[in-house]
Each structure stands twice: as structure tokens, then as C-alpha cells.
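Only one structure is covered here, and it is reproduced in the block below.
The values are calculated or read from the model by the stated rules, or taken from the named source; none is laboratory data. The structure presented is a predicted model; accordingly, all values stated were derived computationally and were not measured. All Cβ positions, even for glycine, are placed from backbone atoms using ideal geometry, and neighbour counts span all protein chains on display. To get the accessible areas, we keep the full protein, side chains included, count just its heavy atoms, and leave off ligands, DNA and RNA. Shrake-Rupley method; radii C 1.70, N 1.55, O 1.52, S 1.80 Å.
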Amino acid sequence: IDEIQKEAVFRKYIDQWIGDIEVDPTPYVGTKLRSEGAVASMLGTQGFWLATPSGNPFLVSWSAEAFDGPAIAMGDTIAVEGVVTEMQELTLVEWSTAQTISDVDRMVAEFATHYIDADRVDIMRGEGEAEEGSEGAAGGN
């Protein structure tokens, strides 16, 4: 696959809405995507659940490198970019060890089969306006 084809594939998926992957995220593992939605609830200090059209929230991990932006709160409308990642037990252990999630948060996060490892989160302000959030290397929650 040449560079032009890679770029075409990347562009095809970067604007996928979260609703397109919530039923079966497996084919999207390793794919960078961009989505917008409301923060349904927070998960620890570096994660949140993104509301989806079906009502089943999708987990977003906001990496430590990307965490120096504005505070995200439940109900905020956000735009997020990141890589769809399969949830692993090791990921939960790392989050717990880093104390970015509590034991209760961990029990909730165990229900997620996949999550978005975000390298950019912008809090949306009004029509089409965004307050630049955070950019950085994705590292996990």
C-alpha cells in the first residue's frame, strides 16, 4: 500500500462518528478517528464516557501527556481524536497503579471492551467554536 492509499484510508476513518463503531469496534482497532459528543460521565482523573446515539457510552482515555488542557466535566460537548484500542487487563492495572482511576472506577472500566486513546480533546463552545484542549502523545489513562 503506497502513501496515497494510506492517506485515503486514514481520511476515510478520521471523521467516523462514534456511533459507527459502538456496535463492533473490533474492525477499528488501531484506527485513528475523530468524533464529537457529550461527556456522559467522568472516569477517574484522565478518562470519561462519551455519549453515543444508542445511549451506551464509549470510554475515552485522555493520556497524561494530553491532560494539561482545560478541565472536562460531565455534560461538556467535546471533539476527540484518538486511536481505537482494545481493553486489556494490563491497561486497567496501569491506570490503577498510576492512581488515575479508583477501585470503583476500575470495576466500571472493566465493562469496556475497547476505548479511544485520545491524543486531542477540544471542548466545544457555541456553534463551530472550539476551545483548544489538549494535544500530545497518547499514553493511556
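Figure legend. Inter-residue proximity from the stretch 100-124: first residues β-branched (Val, Ile, Thr), second residues open to solvent by less than 20 Å² (accessible area, probe 1.4 Å) and part of a helix (DSSP H, G or I), beta-carbon distance below 9 Å, spacing 6+ or different chains. Indicated pairs: 101/92; 101/95; 101/109; 116/18; 121/66. Residues in the stretch 93-125 that are under 24 Å from residue 32 (Cβ atoms), open to solvent by less than 50 Å² (accessible area, probe 1.4 Å) and either more than 15 Å from the chain's Cα centre (by Cα) or of a type in the set (Val, Ile, Thr) (or both): 100, 101, 116, 121, 123, 124. When residue 8 is tested against (1) modelled with pLDDT of 65 or more; (2) assigned to a helix (DSSP H, G or I); (3) open to solvent by less than 80 Å² (accessible area, probe 1.4 Å), only condition (1) is not met. Output the number of residues of the stretch 40-52 satisfying the condition of being over 22 Å from residue 96 (Cβ atoms) and open to solvent by less than 30 Å² (accessible area, probe 1.4 Å). Residues flagged as over 22 Å from residue 96 (Cβ atoms) and open to solvent by less than 30 Å² (accessible area, probe 1.4 Å) within the stretch 40-52 amount to 1. Taken together, 55, 30 contain a single residue that is modelled with pLDDT of 90 or more, among the small types (Gly, Ala, Ser), open to solvent by 40 Å² or more (accessible area, probe 1.4 Å) and not in a strand (DSSP E or B), which is 30.
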